[in-house]
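Novice: Got a structure here, written out as structure tokens. Questions coming.
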Number of protein chains: 2
Amino acid sequence: MREAHAADVAGREASTPAAAARDAARTSSYAPTDRTVPTRARERATYDHETVHAILDAGYVCHLGFVRDGAPVVLPTLYGRVGDRLYVHGSTGSRPLRMAGASGEQTEPGLPVCVTVTHVDGLVLAKSAFHHSINYRCVVVHGTAHQVLDPDEKSAALDALVDHVLPGRAADSRPGNAKELAATAVLRLDLREVSAKMRTGGPHDEPEDLALPYWSGVLPVAPVYGTPIPSDDLVPGTPQPAYLTPTGDSPC
Amino acid sequence: MREAHAADVAGREASTPAAAARDAARTSSYAPTDRTVPTRARERATYDHETVHAILDAGYVCHLGFVRDGAPVVLPTLYGRVGDRLYVHGSTGSRPLRMAGASGEQTEPGLPVCVTVTHVDGLVLAKSAFHHSINYRCVVVHGTAHQVLDPDEKSAALDALVDHVLPGRAADSRPGNAKELAATAVLRLDLREVSAKMRTGGPHDEPEDLALPYWSGVLPVAPVYGTPIPSDDLVPGTPQPAYLTPTGDSPC
């Protein structure tokens, strides 16, 4: 399963980041750094804003990594993107939020984090076990997160979170009041040290394996929405919003 | 969005872990520790083997967290479970594998990791933005990962990885040879410090919001497999295996 590991989106010590950074300056891309240039499968890495933003905008659950007592912690949470900022959801009592500092000032040391968003697009089945792989799109963001305290920024961030989950929903629900905003914590992470990585296409078997009788190819996979289940306490006659039946490519 | 954050699966300093550990000794459960007892929504946390294993067995992509130069790194990668061990895929050249130590001996310090597996089951839409949430199942594993060097254990681990992706596939592909096994690295992580967390059910709106005209309820979501795409180089007449059309509940 040589190709399956996206687990090599990491740094290296070489001259390529500098060259790539020069390229980035000429285009609309994030400048690669030591830790955003993969050690392996570099051809799968990309830094352009359009690709990175499209992958981020296609999701709503990220995996937030931080360090606690020297050990890593990885937790799923909701996120939203507003321009070149990522907002991550938490509660005022949760550990990463407390660790990010209470004041929310940029002068606070903040919390070093890694935020990763992954979409699985297909299972790549080769004739050999070794060449099995996954088609995926992934963005990894490194940086320091700070608490958002400005009420307007926090409100916009929470709208972005809700609209990431279901576009159009933020405007179609009762906005948070002052008490609710105070009880919700939001972390801000600037999109600066960012890379995307992806794999597409079919399996790449060894020539000597091609005559083997095993099936090979790609099994597409995608999240699909089911039939909405209304609350028991729905006001009778409430219409079902159009955004509950998202259109788009479905593998079904 | 008070309920949406699974981002509080973390430790705390209190007496409950000891009491919970005593409970665990009487049942088939992982003993809770400071870092597997959540700071919030404790009623959503569980430690029993059956629940933890079912969540792990329902997936194949985890998010692997480790610490590099004091900063967190979170990467998606494939995993498989064999009994009370989790195996995580990598390549011999990738950073986390190198950091885990070359010899694979338990005497090596190994690599402190956090492995998180998350399934999103539904979008929970409340009348108020604040009470929006996600239905999910999540397992967080803390521990120290070691490289697997024993060829038999490595081979079994890679079979488990392939069968996690698609049950039955490992036996229906050409097994890895010595060269391929040597080029593939596998990390082993004992399931000891483990917790599961989940949310199910509909939204919980405030009583004063119930008369609002917004739609509320749950939009189920699940990964769905599409039509298999055979390789161009498939041997003509190769039948399509039954495991390519997984049965089970589909939200479609």
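The values are calculated or read from the model by the stated rules, or taken from the named source; none is laboratory data. In this text, all values refer to a predicted model and were calculated from it rather than measured experimentally. Neighbour counts run over all protein chains shown; Cβ positions are idealised from the backbone, glycine included.
Novice: Take the residues in region A:34-54 that are in a helix (DSSP H, G or I) and touching a Lys or Arg at 6+ places or on another chain (Cβ under 7 Å); name whichever of them is surrounded by the fewest Cβ atoms within 10 Å (Cβ to Cβ). Full working, then the answer.
Specialist: Pass one, region A:34-54, residues in a helix (DSSP H, G or I): A:42-44, A:49-54.
Filter once more, so that each one left must be touching a Lys or Arg at 6+ places or on another chain (Cβ under 7 Å): A:44, A:53.
Numbers: A:Arg44: 19, A:His53: 17.
It comes out as A:His53.
Novice: In region A:69-95, what residues are out of contact with any helix residue (DSSP H, G or I) (no Cβ under 6 Å at 6 or more places or on another chain), of a type outside the set (Ser, Thr, Tyr), in a strand (DSSP E or B) and facing another protein chain (nearest Cβ under 7 Å)?
Specialist: Matches in region A:69-95: A:Ala71, A:Pro72, A:Val73, A:Val74, A:Leu75, A:Pro76.
Novice: Report the residue count in region B:164-193 for those that are assigned to a strand (DSSP E or B) and at the interface with chain A (Cβ under 7 Å from one of its Cβ atoms). Don't jump to the end; show me each part of the working.
Specialist: Applying the first criterion (assigned to a strand (DSSP E or B)) to region B:164-193 yields B:174, B:184-190, B:193.
Narrowing further to those that are at the interface with chain A (Cβ under 7 Å from one of its Cβ atoms): B:174, B:184.
The number of residues fulfilling the criteria is 2.
Novice: Filter region B:194-220 down to residues that are in a strand (DSSP E or B) and buried (at least 20 other Cβ atoms within 10 Å of the Cβ), then give me how many there are. Working first, answer last.
Specialist: Step one: of region B:194-220, the residues in a strand (DSSP E or B) are B:194-199, B:217-220.
Pick out the ones that are also buried (at least 20 other Cβ atoms within 10 Å of the Cβ) and you get B:194-197, B:217-219.
Final tally of qualifying residues: 7.
Novice: Exactly one of these conditions fails for A:Leu161: (1) part of a strand (DSSP E or B); (2) within 9 Å of chain B (Cβ to nearest Cβ); (3) not hydroxyl-bearing (Ser, Thr, Tyr). Give me its number.
Specialist: Unmet for A:Leu161, out of (1) part of a strand (DSSP E or B); (2) within 9 Å of chain B (Cβ to nearest Cβ); (3) not hydroxyl-bearing (Ser, Thr, Tyr): (1).
Novice: Next question. Does B:Asn135 satisfy the condition of being more than 7 Å from chain A (Cβ to nearest Cβ), surrounded by fewer than 23 Cβ atoms within 10 Å (Cβ to Cβ) and either touching a Pro at 6+ places or on another chain (Cβ under 9 Å) or under 30 Å from A:Pro167 (Cβ atoms) (or both)?
Specialist: Details: more than 7 Å from chain A (Cβ to nearest Cβ): yes; surrounded by fewer than 23 Cβ atoms within 10 Å (Cβ to Cβ): yes; either touching a Pro at 6+ places or on another chain (Cβ under 9 Å) or under 30 Å from A:Pro167 (Cβ atoms) (or both): yes.
Considered against the rule, which asks whether it is more than 7 Å from chain A (Cβ to nearest Cβ), surrounded by fewer than 23 Cβ atoms within 10 Å (Cβ to Cβ) and either touching a Pro at 6+ places or on another chain (Cβ under 9 Å) or under 30 Å from A:Pro167 (Cβ atoms) (or both), B:Asn135 comes out as yes.
Novice: Among (1) of a type outside the set (Phe, Trp, Tyr); (2) in contact with a helix residue (DSSP H, G or I) (Cβ under 9 Å, 6 or more places away or on another chain); (3) at pLDDT 90 or above, which single condition is A:Thr36 missing?
Specialist: Every listed condition holds for A:Thr36 apart from (3).
Novice: Could you tell me which numbered condition B:Gly226 fails, if it satisfies all but one of (1) in contact with a Cys (Cβ under 8 Å, 6 or more places away or on another chain); (2) surrounded by 22 or more Cβ atoms within 10 Å (Cβ to Cβ); (3) free of Cβ contacts under 8 Å to residues at least 40 places away in the same chain; (4) small (Gly, Ala, Ser)?
Specialist: Here B:Gly226 clears every test but (2).
Novice: Considering only region B:138-158, how many residues are crowded, with 21+ Cβ neighbours inside 10 Å and more than 10 Å from chain A (Cβ to nearest Cβ)?
Specialist: Result for region B:138-158: 7.
Novice: Next question. Do you know which of the residues in region B:173-193 that are in contact (Cβ under 8 Å) with a residue 60 or more places away in the chain and surrounded by fewer than 17 Cβ atoms within 10 Å (Cβ to Cβ) is nearest to A:Val120 (Cα to Cα)? Give the derivation first.
Specialist: First, the residues of region B:173-193 that are in contact (Cβ under 8 Å) with a residue 60 or more places away in the chain: B:182-193.
Cutting the leftovers down to surrounded by fewer than 17 Cβ atoms within 10 Å (Cβ to Cβ) gives us B:182-183, B:190, B:192.
Working: B:Ala182: 27, B:Ala183: 24, B:Asp190: 26, B:Arg192: 28 Å.
This residue is B:Ala183.
Novice: Please state which one of A:Ala222, A:Ala171 is more than 23 Å from A:Val115 (Cα to Cα) and within 25 Å of the chain's Cα centre (by Cα). Write out each step before concluding.
Specialist: Values: A:Ala222 fails: more than 23 Å from A:Val115 (Cα to Cα).
Of the residues listed, the single one that is more than 23 Å from A:Val115 (Cα to Cα) and within 25 Å of the chain's Cα centre (by Cα) is A:Ala171.
Novice: Here's something else I'd like to know. So which of A:Val221, A:Val165 is farther than 30 Å from B:Ala242 by Cβ and of a type in the set (A, V, I, L, M, F, W, C)?
Specialist: Values: A:Val221 fails: farther than 30 Å from B:Ala242 by Cβ.
After applying the criteria, what remains is A:Val165.
Novice: Can I ask one more? Do the conditions hold for A:Ser231, that is, is it facing another protein chain (nearest Cβ under 10 Å), in contact with a Lys or Arg (Cβ under 9 Å, 6 or more places away or on another chain), closer than 30 Å to A:Val115 by Cα and crowded, with 17+ Cβ neighbours inside 10 Å? First the steps, then the outcome.
Specialist: Details: facing another protein chain (nearest Cβ under 10 Å): yes; in contact with a Lys or Arg (Cβ under 9 Å, 6 or more places away or on another chain): yes; closer than 30 Å to A:Val115 by Cα: no; crowded, with 17+ Cβ neighbours inside 10 Å: yes.
For A:Ser231, the condition - facing another protein chain (nearest Cβ under 10 Å), in contact with a Lys or Arg (Cβ under 9 Å, 6 or more places away or on another chain), closer than 30 Å to A:Val115 by Cα and crowded, with 17+ Cβ neighbours inside 10 Å - is not met.
Novice: Also: Checking the conditions here, which among A:Asp121, A:Asp150, A:Asp48 is acidic (Asp, Glu), over 30 Å from B:Gly110 (Cα atoms) and modelled with pLDDT of 95 or more? If you could, list the steps in order and put the result at the bottom.
Specialist: Details: A:Asp150 fails: modelled with pLDDT of 95 or more; A:Asp48 fails: modelled with pLDDT of 95 or more.
So the residue among A:Asp121, A:Asp150, A:Asp48 that is acidic (Asp, Glu), over 30 Å from B:Gly110 (Cα atoms) and modelled with pLDDT of 95 or more is A:Asp121.
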